[in-house]
Amino acid sequence: MRGLQGWQGTGPESAEEMIAEARKAFFVMFAFMSVVWALQIANWMGHYRIDAEYQIIPQQVDRLPDIFAAPFLHYSWAHIEGNSGPLFVFGFLAAYRGVIRFLWLTLLVAVTSGLAVWSFQDTHTASVGASGLIFGYFGYVVVRGIFDRHLIDTLIGLVMAASFAYLVTIALPGTPGVSWLAHMGGFVGGVLGAWLLRDRRPTVPVAAGPASGAAVGAASGTALVPGPAAGAGREDLHKELGDLGLL
């Protein structure tokens, strides 16, 4: 289990902090979804004029700022209904480790997804919808645990990747009526966000070893530092799972 060394454990205090962040993440996503649905109601009542004014139109410079508005808009009730479930689930999983980090991630994904559409999509098309954010949050959740070296997040990422692998099929060219560029741009932004927003924990100095090891090192002229205990990584994993009520 030496390979688990350096992976973050969760003590009682950090478990409580995580629960508090999860509570905040729930309310943030509830507010987020409320805004999206309120805009859809206003959009519908105005015969979708908001879509016409703020949709992304590729390669028109005056429409470039619309990359920040388009993720909150939808073309129909079926469109918003199809996006709402995945948006809430992946948004919550992206936000529960920190709301501020989530807000930066959302901005980054909106930019990468929107720029992919604005730069490369056919100029005779237009795009709105939250699917770019969905793919961005999905990419972030899948790889975040690896970059943060956090065991629970890595397990969550594996489960999400296995459960929603079908999403990759609609991120490929050829799906009619779907902007695969928005999906791909969002996914790239999510992975990039996982790297840029990763935890940067300071290196923990290694404690001095037993006297016998020091004596041997002194005799040979080489300082010896004993390696980590063989079961330390396993204990960290068990402690983390126990703190979250999974053991």
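Bear in mind that the values in this text are calculations on the coordinates, not laboratory data. Everything numeric here is computed off the predicted structure, so don't read it as measured data. Here the Cβ positions follow ideal geometry from the backbone for every residue, glycine too, while neighbour counts run over all protein chains shown.
A simple packing score, the average count of other Cβ atoms within 10 Å per residue, orders the peptides 115-121, 134-140, 184-190 as 134-140, 184-190, 115-121, with the highest score first.
Near HIS150, the amide H atoms lying under 5 Å from its own belong to GLN8; only residues 5 or more places off or on other chains count, and H is placed 1.01 Å from N. Dividing the mean sequence gap of close Cα pairs (under 8 Å, 6+ apart) by how many residues segment 2-200 holds gives a relative contact order of 25 percent. Is the shape of segment 2-200 best called rounded, prolate or oblate, per the rule: a/c under 1.5 gives rounded, else a/b larger than b/c gives prolate, else oblate, with a ≥ b ≥ c the square roots of the Cα gyration tensor eigenvalues? Judged from the Cα gyration tensor, segment 2-200 comes out prolate (a/c at least 1.5, a/b above b/c).
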